[in-house]
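Notes to accompany the following structure.
The values are calculated or read from the model by the stated rules, or taken from the named source; none is laboratory data. The model shown is predicted, which means the values in this text are computed figures rather than measured ones. Glycine gets a Cβ as well: all are built from the backbone with ideal geometry, and neighbour counts include every protein chain shown. Each accessible area value is taken on the protein alone, full model and side chains, heavy atoms only, with ligands, DNA and RNA left out. Shrake-Rupley method; radii C 1.70, N 1.55, O 1.52, S 1.80 Å.
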Amino acid sequence: MSVSRRLFLHRLGAVGGLGAAYGAMTALGLNAAAAAAAPTLSPDLGQGRRVVILGAGIAGLVSAYELERAGFSVTILEARERIGGRNWTLRGGDKVEMVGEADQTVSFEKDVYMNAGPARIPSHHEGLLTYCRKLGVPLEVEINVSRSALLWGDSAHGGKPIQLRQGINDTRGHVSELLAKAINKGALDGELTLADKEKLLPFLRAYGDLSEDMSFQGTERSGFAQAPGAADQFSQRRPPVPLRDLLANPQLRATLFEDNINMQATMFQPVGGMDQIVAGFERAITSPILRKALVTHIGRTGQGVQVVYRQAGGAEQTLAADFAIITIPLSILAAIPSDFSPAVRTAVASVPNAYSNKIGFEAPRFWEASQIFGGISWVGGDTSLIWYPSNGLHTERGMLLACYGSGPGAKAFADLPMETQIATARAAVGRVHPGHEGDLAKPVVVNWSKIPHNLGPWPDWEGHGGQEGHMDMPAYRLLNQPDGPFHFTGAHLSQMPGWQEGAVLSAHRTIKALAAQTKSAALAS
């Protein structure tokens, strides 16, 4: 039975994850770099045409940037005082408002900041990186993985963490030994020819750093019991962690983190915080951005749209346009009266939000004394990880992210009192860095399910609440099409709902659709 490319990719993604599917798509020519390019529009395409953009997140800013350069008259309505949407960097003096919680005032020192939303840019997210180049946003390397970072052992090793380098290389050594034994016992004779075995065994010896008898006795790749030094200070490798203990470690899967296509080096971050991208767009966009403008109705008028909004608690105002680009999160949009078609209204209301939490502290850089510069230690539980800063290396203080948890468990954690959330994150750091939990100061909690005008980090498409996926459900397909003059866009309507690249590519799709409508109307007139 033949298998279609679509079914093949779906099955490959289910088994191997996004990375496997992404690689296969590239090999099949389905992932061309041109997909990241902005649509080429005539500079007079939009002459006499008005567009209102609801939401000044990355998708809204990209749409405004491109459309005003194509001659459209653009107005952006943003419910918040700041722009950027989930692109949000917290610095000293900023306020964090969450529904049902007391306001937090950030008290970080100068040059210490926390990216409350996106915090890294993969090197293949060419759409977003292109705008960084166009807008003059300087970038630096984001150290996504440090092999000196730690895996929390839980019950294994008496509750002691091991370095990531040891988890990775000891696992590789043990698996290489097992495979070599299977080959030498003839267990794979049905799969391998003699020539195959003669090539594979030397590779396994090098891959796993096996001894001459093809056993794994440990490797210096996993670190030293004694580092090489002057004169006769010879190196001594660490004794290997037994395979049984590695398999019992609940964080072992984290050794595969950097194999994910979206986590592979080289990773980037803007110098000074992720919101420098937003600042770049703000410098480049000449169209008006009306802040603290709450949309109260989205209607049709003839062939166009009419948006009613209230700015900063004032009287309601009406804005008419030929098109509306709507980037408002679906769960928020569902509560706004609209003239969408019945099927679209149903689709908008059908998609709940997922959950995600971040907790950051300011602290002296005690982790650098353990040779941890950037990267992530994996602790599991409600807080999931400890993420070390890539900026300001060797300075006195930095922002330590002691919780980044998403998924079903993140809801229960967000329901806990903030004091309990902070104490849990502090305790997780203390387990991995004993004695340093007291160094953590100035905590900031961001429960995205409580952030006004978001109420969640990304949608939960029929249980597909992760940051990547293969969304193809009816509501998703419908909302990726125009509803007359209404265009829906945003990262939540891409295959990368947790990434800014998704917002960029979704905006490009919308711009193309709006341009096609404009050309069609011009031909009809």
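Brief remarks on what is shown
- Cut-off 13 Å between beta-carbons: net charge of the residues surrounding Pro364, Lys and Arg +1, Asp and Glu -1: -3
- Taking every protein chain into account, the 1.4 Å probe leaves His124 with about 60 Å² of accessible area, to the nearest ten.
- Listed by chain and number, the lysines whose alpha-carbon sits under 19 Å from that of Lys411, ignoring those within fewer than 8 places in the same chain, are Lys358, Lys450.
- Inter-part distance where the range 67-115 and the range 392-446 are each reduced to a Cα centre, Å: 22
- Accessible-area composition of the chain, carbon plus sulfur, in percent [1.4 Å probe]: 54
- From most to least packed by mean Cβ count within 10 Å, the peptides 371-383, 319-331 give 319-331, 371-383.
- Looking at the chain, the accessible area is 45 square angstrom per residue; that uses a 1.4 Å probe and ignores ligands, DNA and RNA.
- Estimated FRET transfer efficiency when R0 is 22 angstrom, pair Arg345-Arg291 (beta carbons, to 0.05): 0.20
- Inter-centroid distance (Cα atoms) of the range 224-242 relative to the range 274-303, Å: 59
- By the helix-only formula, in which each DSSP H run with n ≥ 4 contributes -39500 (n - 2.57) and the sum is divided by residues, the chain has a 222 nm mean residue ellipticity of -9500 deg cm²/dmol.
- Stretched out straight at 0.36 nm per residue, the stretch from Ala423 to Ser520 would grow longer than its current Cα-Cα span by 29.0 nm.
- Charge tally around Gly398: other residues with Cβ under 10 Å, Lys/Arg +1 each, Asp/Glu -1 each, net -3.
- Pairwise Cα inverse-distance average, inverted: Kirkwood Rh of the range 421-525 (Å): 17.0
- Distance histogram for the chain (every C-alpha pair counted, 20 angstrom bins, percent rounded to whole numbers): 20, 49, 25, 6, 0
- Computed label-point distance, nm, for sites Gln311 and Ala248 using a 7 Å Cα→Cβ extension: 6.5
- Karplus-derived HN-Hα couplings along the range 69-76 (A = 6.51, B = -1.76, C = 1.60, θ = phi - 60°), whole Hz, x at Gly and Pro: 6, 9, x, 6, 8, 10, 10, 10
- A simple count of charges around Ala79, restricted to other residues whose Cβ falls under 11 Å of its Cβ and scoring Lys, Arg +1 and Asp, Glu -1, yields +3.
- Potential lengthening between Lys160 and His394 on full extension [0.36 nm per residue; Cα-Cα distance subtracted]: 81.6 nm
- Viscosity 1.567 mPa s, 4 °C: Kirkwood-radius Stokes-Einstein D of the range 265-377 over Cα pairs, µm²/s: 69
- Virtual paramagnetic centre 7 Å along Cα→Cβ of Phe366, amide N under 11 Å, in the range 420-454: 427, 429-441
- Beta bridges by DSSP in the chain, antiparallel share as percent, to the nearest 5: 75
- Our estimate of slack between Met263 and Val141, defined as 0.36 nm per intervening residue step minus the Cα-Cα distance, is 42.7 nm.
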